[in-house]
Amino acid sequence: MSGGEKLKGNLCGILAAVTYGMNPLFALPLYQRGLSTASVLFYRFFLTILLLGAFLLFRKQSFRLRRGEILPMATGGVLLALSCLFLFLSFHRIDAGIAATILFVYPVMVCGIMYLVFHVKQSLPTLIGMALAVIGIGLLSLGNAGGKFSVSGLVFSLLSALTYAIYMVLLKESVLKNLSAAVLTFYALCFGFPVFFLLLRFGLDLQLLPDLFSVGCALGLALCPSLLSFLLMAVAIRCIGPTKTAILGALEPVTALFFGILVFGETLSIRQGVGILVILGSVMLVVLGRNPVQKVSDDRRDGKGAAVS
């Protein structure tokens, strides 16, 4: 991996995490105006598909999918939709900032999947960075006992993390890695969109956006934590791999807490402040650390080994 490619991957991973952490900023005002989770996600995916489709048309980029890419792409789209659904359902049951912090167990899941399935050994800086990130997340989650919390909210956050982790690994370890980031994201959204259409009884239960502010929130939800985050994440995964991209995602809960304090009046305890510092330290360690040591897996069909990153 060249230095330029590594820098590009790290920057994209950080920006993907920051923009994805803006979910509560745009989703909570829509909840406050009475929209259901399915309606909010319907608008999020629908508007993102329109924006990304217009972008691809402007660049005159091919929309073509090969036959062997359709099933993995459909699987990835459903996984992405379920991850978003579980996360947004958790917002109803626990504080959005806490939900975002619990979601961050997905780097641990990515690391476990890569090790158990693809036999990828992780470097010491990566492992230390992941451990520090988990410690930081724990400090954040326990930092405010006055917020709302429920077991169902915890379960939804963990399910969101699991489906997100599988989606990230799928992008790297399947034929989908040959698609451009824009085309891959477009089809992931297209295949995931029917999940919300079905939940809304084929659109019969869809709630209209009540005012211009709601329209702005829906557009913001489509642009920042959807279009930009998904595109940047796809680029980061190709440049530095799913494990490092996942650990850089530690900035997601930090971003969610920042907007929770700034916009929604949440408070920051000393423990949460320490957690943020630990998370930022873990991100710097991952960015400056060495590449993970990799084990070459045999690929008898091609008659050669394929390194997994």
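Screening residue 93 against (1) of a type outside the set (A, V, I, L, M, F, W, C); (2) at pLDDT 85 or above; (3) assigned to a helix (DSSP H, G or I) leaves a single unmet condition, (3).
Residues of region 221-234 that are surrounded by 23 or more Cβ atoms within 10 Å (Cβ to Cβ) and over 13 Å from the mean Cα position of the chain (by Cα): 221, 222. Scan region 197-214 and give yes if some residue there is touching a Pro at 6+ places or on another chain (Cβ under 9 Å), assigned to a helix (DSSP H, G or I) and either at pLDDT below 90 or not aromatic (Phe, Trp, Tyr) (or both), otherwise no. Within region 197-214, one or more residues are touching a Pro at 6+ places or on another chain (Cβ under 9 Å), assigned to a helix (DSSP H, G or I) and either at pLDDT below 90 or not aromatic (Phe, Trp, Tyr) (or both). Can you find a residue that is within 29 Å of residue 272 (Cα to Cα), surrounded by fewer than 22 Cβ atoms within 10 Å (Cβ to Cβ) and touching a residue at least 24 places away in the same chain (Cβ under 8 Å) anywhere in region 203-220? The answer is yes; a qualifying residue exists.
In region 20-35, is there at least one residue being of a type in the set (A, V, I, L, M), within 21 Å of residue 177 (Cα to Cα) and either over 13 Å from the mean Cα position of the chain (by Cα) or surrounded by fewer than 21 Cβ atoms within 10 Å (Cβ to Cβ) (or both)? It would help to see each step written out before you state the result.
Of the residues in region 20-35, the ones of a type in the set (A, V, I, L, M) are 22, 25, 27-28, 30, 35.
Remaining after also requiring within 21 Å of residue 177 (Cα to Cα): none.
No, region 20-35 contains no residue that is of a type in the set (A, V, I, L, M), within 21 Å of residue 177 (Cα to Cα) and either over 13 Å from the mean Cα position of the chain (by Cα) or surrounded by fewer than 21 Cβ atoms within 10 Å (Cβ to Cβ) (or both).
The residues of region 173-202 that are free of Cβ contacts under 8 Å to residues at least 60 places away in the same chain, closer than 16 Å to residue 39 by Cα and aliphatic (A, V, I, L, M) amount to a single one, 198.
Return yes or no: is residue 172 part of a helix (DSSP H, G or I), out of contact with any Phe, Trp or Tyr (no Cβ under 6 Å at 6 or more places or on another chain) and of a type in the set (D, E, K, R)? Yes; evaluated as a whole, the condition is true for this residue.
All of (1) within 17 Å of residue 237 (Cα to Cα); (2) at pLDDT 90 or above hold for residue 84 with one exception: (1).
Just to check your reading of the model, which residue among 230, 264 is within 27 Å of residue 168 (Cα to Cα), at pLDDT below 85 and not basic (Lys, Arg)?
Numbers: 264 fails: within 27 Å of residue 168 (Cα to Cα).
After applying the criteria, what remains is 230.
Is there a residue being surrounded by 15 or more Cβ atoms within 10 Å (Cβ to Cβ), touching a helix residue (DSSP H, G or I) at 6+ places or on another chain (Cβ under 9 Å) and more than 14 Å from residue 185 (Cα to Cα) anywhere in region 45-64? The answer is no, given that none of the residues of region 45-64 is surrounded by 15 or more Cβ atoms within 10 Å (Cβ to Cβ), touching a helix residue (DSSP H, G or I) at 6+ places or on another chain (Cβ under 9 Å) and more than 14 Å from residue 185 (Cα to Cα).
Any idea which residue in region 152-191 is modelled with the lowest pLDDT, counting only those that are of a type in the set (Val, Ile, Thr) and closer than 24 Å to residue 224 by Cβ? Break it down stepwise before answering.
Looking only at region 152-191, we keep the residues that are of a type in the set (Val, Ile, Thr), and these are 155, 163, 166, 169, 175, 183, 185.
Narrowing further to those that are closer than 24 Å to residue 224 by Cβ: 163, 166, 183, 185.
Working: 163: 96, 166: 94, 183: 91, 185: 88.
Here the answer is 185.
When residue 185 is tested against (1) buried (at least 18 other Cβ atoms within 10 Å of the Cβ); (2) closer than 18 Å to residue 86 by Cα; (3) not basic (Lys, Arg), just one condition goes unmet, and that condition is (2). Per the listing 81, 54, 74, the residue uniquely under 16 Å from the mean Cα position of the chain (by Cα) and not acidic (Asp, Glu) is 81.
The values are calculated or read from the model by the stated rules, or taken from the named source; none is laboratory data. This is a predicted model, so every value here is computed, not measured. A quick note on method: Cβ atoms are made from the backbone with ideal geometry, for glycine too, and the neighbour counts reach across all protein chains shown.
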